[in-house]
Amino acid sequence: MGEWRNRLIIPMYDEAGDLVAYQGRELDGREPRYRTNGPRPVFRPWTLQQTDVLYVVEGPFDQISLARVEPTAVALLGIQPSQAQLDELIGLIRATQPQRIVLWFDAGAMEEVFRLQTQLRPFVHVDVLIDLSHKDVGEAAPEEITEILDAFDIREGYTS
């Protein structure tokens, strides 16, 4: 097992169902916390569908946590998307035609999240959600996520 020992492995598949990468999260608190094998795709364990809001978060645990409340969440597997991930995200925007994107990153990644907002703004309205009550969305319970989204007026009645 070596470098993958004591890691929870998260597989990532392409549209054809082929394994393209996997990411392991350290369970013992050692660094690096995450390790990825293969390309870093946009993590989205759902098929393409039209949506009003597309949520973009940092990691797969954030995506899994948020998807319990909002199913159209994707993860970039870090705070700095590669050009391939940015291109994939733009393709998702074109395919799903959201009215807006909500970027929900850790408070410590504000520089990166605002850079991403600028890169995506030509394609769709982009909001940044900053919640200082949690380190990240992956630490929030479904009820807390619902409260946060409602407090930021994210889900209902949005018009561009």
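The values are calculated or read from the model by the stated rules, or taken from the named source; none is laboratory data. Keep in mind that what you see is a predicted model, and the values were worked out from it rather than measured. All Cβ positions, glycine included, derive from the backbone under ideal geometry; neighbour counts span all protein chains shown. Ligands, DNA and RNA are stripped out before the accessible areas are found, and what is left, the full protein with its side chains, is counted by its heavy atoms. Shrake-Rupley method; radii C 1.70, N 1.55, O 1.52, S 1.80 Å.
What relative contact order, as a whole-number percentage, does region 60-152 give when Cα pairs under 8 Å and 6 or more residues apart are counted? Mind showing how you got there, number by number?
Working: 90 pairs, mean separation 34.2, N = 93.
After rounding, I find 37 percent.
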Ordering 30-42, 137-149, 52-64 by per-residue average of other C-beta atoms within 10 angstrom, highest first, gives 52-64, 137-149, 30-42
If one compares the long axis through the Cα atoms of helix 142-151 with the longest principal axis of the Cα atoms of the chain, the angle in degrees, nearest 10, works out at 30
Bridge orientation stat for the chain from DSSP, antiparallel percent rounded to 5, came to 50
Carbon plus sulfur, as percent of the 1.4 Å-probe accessible area of the chain, comes to 50
Contact order relative to length for region 1-47, counting C-alpha pairs under 8 Å separated by 6 or more residues, stands in percent at 32
Which residues qualify? For Gln80, with a placed amide H closer than 5 Å and at least 5 residues away or on another chain, they are none
For the chain, averaging the sequence separation of alpha carbon pairs under 8 Å that lie six or more residues apart and dividing by its residue count, the contact order in percent is 19
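At 222 nm, what helix-only mean residue ellipticity would the chain give, in deg cm²/dmol to the nearest 500, using -39500 (n - 2.57) for each DSSP H run of four or more?
Working: 4 runs with 43 residues, N = 160.
One gets -8000 deg cm²/dmol as the mean residue ellipticity at 222 nm.
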If each part is reduced to its alpha-carbon centroid, region 80-147 and region 26-77 end up apart, in Å, by 11
For Val74, the residues 5 or more places away or on another chain with a placed amide H closer than 5 Å to its own amide H are Tyr55, Val56, Val57
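Using a Förster distance of 22 Å, how high is the FRET efficiency between Ile93 and Asp14, based on the Cβ-Cβ distance and rounded to 0.05? Write out the running numbers ahead of the final one.
Working: r = 18 Å, r/R0 = 0.82.
After rounding to 0.05, the efficiency reads 0.75.
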In the list (i) -1.44; (ii) -1.24; (iii) -1.06, the entry giving log10 I(q)/I(0) by the Debye sum over Cα atoms at q = 0.20 Å⁻¹ computed from the coordinates is (i)
With every protein chain kept in place and a 1.4 Å probe, region 33-95 has an accessible area per residue in Å² of 43
